Amino acid sequence: MALTFDDGPRAGTSQQVTAALRRAGDQATFFAIGGAVNDATQTMLRNDTRYGMPVGSHTMSHMDLPMIMRSGAEHREFDEASARIAQASGRPVTLLRPPHGVADEASRQYLADHLGVGIALYDVDSYDWAVGATARSVQWKVTAQVRSGSIILMHDIHRHTAAALPHILDALRAKGYRTVTITELIDRYPRPGYVYYSRDNIIPW
Ligand SMILES: [Zn+2]
């Protein structure tokens, strides 16, 4: 299964998440916000790449994809964000995670034809973004819903998520799961315009 972390990089929690993964010998995929990449945070993305963990795009300012298309913000929200993230991470961006999990046909077409990236959604939501979420609730949501081939939504900007992660990794290992990046999960380079919900639920373009 593939753990994913959105909305970073953020000093403190993003570093805790990467350190916990490294300590346990586990892998994940990150979806960074272009606007959060700056001189202070870019080394976090470079480190993720160095440890074999891909960094995808989560747009420049966390705008919904249909809104990006309606407001003509494609260049900044998609192209500039990808370029900024790729420069920081040292690797090309091959996947985009839509904010709030929403992608319409117009944005899908732009991402396929223009940016050449796949769209990474998920089949398990940790609800670590919800009001009242705790390390315990996050751990329970993940371990109760995970299946072989799952893509799991988490956020490396929450302290309760960073606190839950070592316990989640232990629990997953005890259940016999192995963590991989999304690229490993789907066993190939992500295809432009394809939507990846899990290893077994891929919507072709
Ligand atoms: Zn997000």
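Quick look at the values:
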read-out: Enclosed volume per residue, in Å³, of the convex hull spanned by Cα atoms of segment 47-132; value: 116 Å³
read-out: Where only alpha carbons of the chain are counted, the Rg and the Dmax (Å); value: 15.6, 48
read-out: Within segment 1-102, chymotrypsin sites (Phe, Trp or Tyr not before Pro) in DSSP loop having at most 15 other beta-carbon neighbours inside 10 Å; value: Y51
read-out: Additional length obtainable on full extension of the chain from A73 to I203, 0.36 nm per residue less Cα span; value: 44.3 nm
read-out: Residue-span extension gain [E105 to Y189] - 0.36 nm each, minus C-alpha spacing; value: 28.1 nm
read-out: Where trypsin sites (Lys or Arg not before Pro) fall in DSSP loop in segment 131-205, at most 16 other Cβ within 10 Å; value: R147, K175, R178, R188
read-out: Magnitude of the charge dipole, segment 2-203, Cβ model with Lys/Arg +1 and Asp/Glu -1, debye to 20; value: 680 debye
read-out: Among I119, I186, I85: highest mean-square fluctuation, GNM of the chain, C-alpha pairs under 10 Å; value: I186
read-out: Difference of contour (0.36 nm per residue) and Cα-Cα distance, S137 to S61; value: 24.6 nm
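Each reported figure results from applying straightforward, stated rules to the coordinates on display, with no laboratory input. Just so we're clear, the structure is a prediction, and the values are computed from it rather than from any experiment. Cβ: placed from backbone, ideal geometry, glycine included. Neighbour counts: every protein chain shown.
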